[in-house]
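Note sheet for the following structure.
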Amino acid sequence: MADSKKKKTADEIVEEAASEMGVEDEKVPESDESAEDAVDEALNDASDEEEEEEEEAAEEASDDEDDEDEDDEAEAEEAEDDEDEDDEVEAEEEEDDEEEEEEEAKEEKVAAKSKKSKSDKKAKAKKPAAKKSSGGKGRRTVDIFQPSENDPDVSHLSHDDLSDFDVEEESFKPYFIGGVITLIVAAAIVFAAAGGDIGKIQALFRGDLREREIAEAKRQEEEYRKIQLEKLEKFGNLMIQGNPQYATLMLDGEVQYGQTSSGEWRALRLGPSTAFQNIKVKQPHKIQVMAPGYEPLVQDLTEGMWQESPAGGQFAYQLTANLQPSSLEYKQEMDARLAPDTENEFYGSITINTTPPGAGVVINNTPVTDAEGNLLPTPMTIDRYYVKDEKTGKLEERLVQVDTVLDKGHKIQVLLPPAAGADKPKFVTSLERQMWTCTWKDEDTLKKEKFDAEKDTIQKKCNYTWDLNLDFNALEGYIKRRAEEQKRIEEQNKKFEEEMAKKRKEIREK
């Protein structure tokens, strides 16, 4: 079956194809350009003939496979019908089958090589014709393919085989020069755009130029802001704490005031922490702390003494004022005055002077009157006041007590009548134990009062007084200056922010 039709080997197919193309008898002229076209045409014809040969080989292989299948079926039927067939016949059939398989494998290998040869030839055919070499007359250049070392059927060309040809390398010189020129122009453009800043150029190539520009803009803004802040007037908060509580505070020889929630004005006094706001930092100041029976404290405050906050722009100065008693006797008296005492009561007198005069005084929400109920205008000195009984309608006498409840002394309000000016400020203050002044009684007075040093408290040796001198015109001027200063500061801050916004825009538009 397999022997009935002998198949062609790969070498025979190739030899027949070469014979039909007449490749063996043709020679390529050395200097004739039409020879290259002839070679290309011959290669194309060979490719077409090879395709036809491959198709015929494939058809023959298919017919052989069909015949082999039929033979196998027949052999199987004969084997079923005749089980006693001789072992030698079966061996021959098996041997025939092996030969057929070997022939099929060879045919498949030939077909694969043929297909590869066709692809290689097509690739060669598509390549442009080699240009003439400028190295010598009558000589041409060729493209040389380095054969694969894995293909044993392809032989390598030696240098001796190429002795008649000039190998021309592609010239990259024009492209290289053009690339260099392009790079130089691009570098010049980048250098000009960066303003000659090497750092900018480096940041551009690192890819963080945008971040660098943002950081630089921020730095310039902060630098400009710092310079402008140095030119501006600086303000700070002055904090004072110490003892005794309710001591009088003065800044640059002037009592400082603050406004209450009810709209009244009060003098600032020493407390656990008393604040003076919007104090000019560059201007020197003099702080005074005074209390009856104590040595006054005077503190100079200069620009270098202010503490600037870590964030910058905010200034503060804190003063601790612990006043020292003017004598041991005054210290004993103050300690006794502040101690709880339920057995003794002590009283004093109040003197109030106002500018202009004629102001009314209210003590603990009761207008100060005489025994007949007539209002007493300033100036006045009283050691008692009268409170009207709501049930009887009679006036009851009240002495001005010194030892009031701690931190809940007398509430004293001073206000001008409407005739003096409805827009005049109203004043209020508290009169605490610490605010009274002790004036020592002389020996004759103590003898008349039968003072006993062993039984009586030291407070009985004192005449207690409290004086208030209130200038409404000065208070009104203080309030006006404060409002004008506040307005000026707000306008200055607004102008500063506008200039900063303008400068920020200029920096970011660069």
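The values are calculated or read from the model by the stated rules, or taken from the named source; none is laboratory data. Remember, it's a predicted structure, so these values are computed and weren't measured experimentally. Every residue, glycine among them, receives a Cβ derived from its backbone with ideal geometry; neighbour counts consider all protein chains shown. Accessible surface areas use protein heavy atoms only, side chains included; no ligands, DNA or RNA. Shrake-Rupley method; radii C 1.70, N 1.55, O 1.52, S 1.80 Å.
Can you report the principal axis dimensions of the stretch 330-489 using only the alpha carbons, biggest first, rounded to whole angstrom?
Taking max minus min along each principal axis of the Cα atoms, the stretch 330-489 gives 61, 47, 28 Å.
Please compute the per residue accessible area over the stretch 376-503 with all protein chains in place, 1.4 Å probe, rounded to a whole number of Å².
With all protein chains present, the stretch 376-503 gives 63 Å² per residue.
With every protein chain kept in the model, how would you rank 435, 290 by accessible area, 1.4 Å probe, largest at the top?
Descending order: 290, 435.
So for the pair residue 491, residue 419, with labels modelled 7 Å out along Cα→Cβ, what separation do we get in nm?
Result: 3.9 nm between the two label points.
Using only the alpha carbons, work out the radius of gyration and Dmax of the stretch 291-337 in angstrom.
16.8, 49
With a 1.4 Å probe and all protein chains kept in place, how do 268, 238, 338 rank by accessible area, largest first?
Ranked list, largest accessible area first: 338, 268, 238.
Considering amide H positions built from the backbone, and no H for Pro or chain starts, which residues 5 or more places from residue 319, or on another chain, come under 5 Å of its amide H?
239, 240, 241
How much area per residue is accessible in the stretch 303-342 when the probe is 1.4 Å and only protein heavy atoms are counted (Å²)?
Result: 64 Å² per residue.
At 1.4 Å probe size, with the rest of the protein present, what percent of the exposed accessible area of the stretch 289-361 is carbon and sulfur atoms?
That share works out to 50 percent.
Could you order 328, 249, 395 by accessible surface area, starting with the largest, using a probe radius of 1.4 Å?
Largest accessible area first, the residues go 328, 395, 249.
Report ³J(HN,Hα) in whole Hz for each residue of the stretch 445-458, in order, from the Karplus equation J = 6.51 cos²θ - 1.76 cosθ + 1.60 where θ = phi - 60°; Gly and Pro get x.
5, 5, 5, 4, 7, 6, 6, 10, 5, 7, 9, 8, 6, 5
Using a 1.4 Å probe over the heavy atoms of the protein chains, calculate the carbon and sulfur portion of the accessible area of the stretch 403-510 as a whole percent.
Working: 3380 of 7050 Å².
Heavy-atom surface of the stretch 403-510 belonging to carbon and sulfur, 1.4 Å probe: 48 percent.
Over the alpha-carbon set of the stretch 243-305, divide Rg by the Kirkwood Rh and report the Rg/Rh ratio to two decimals.
A ratio of 0.99.
Name the long-range amide H neighbours of residue 281: under 5 Å, sequence gap of 5 or more, or other chain; modelled H, no Pro or chain starts.
234, 235, 236
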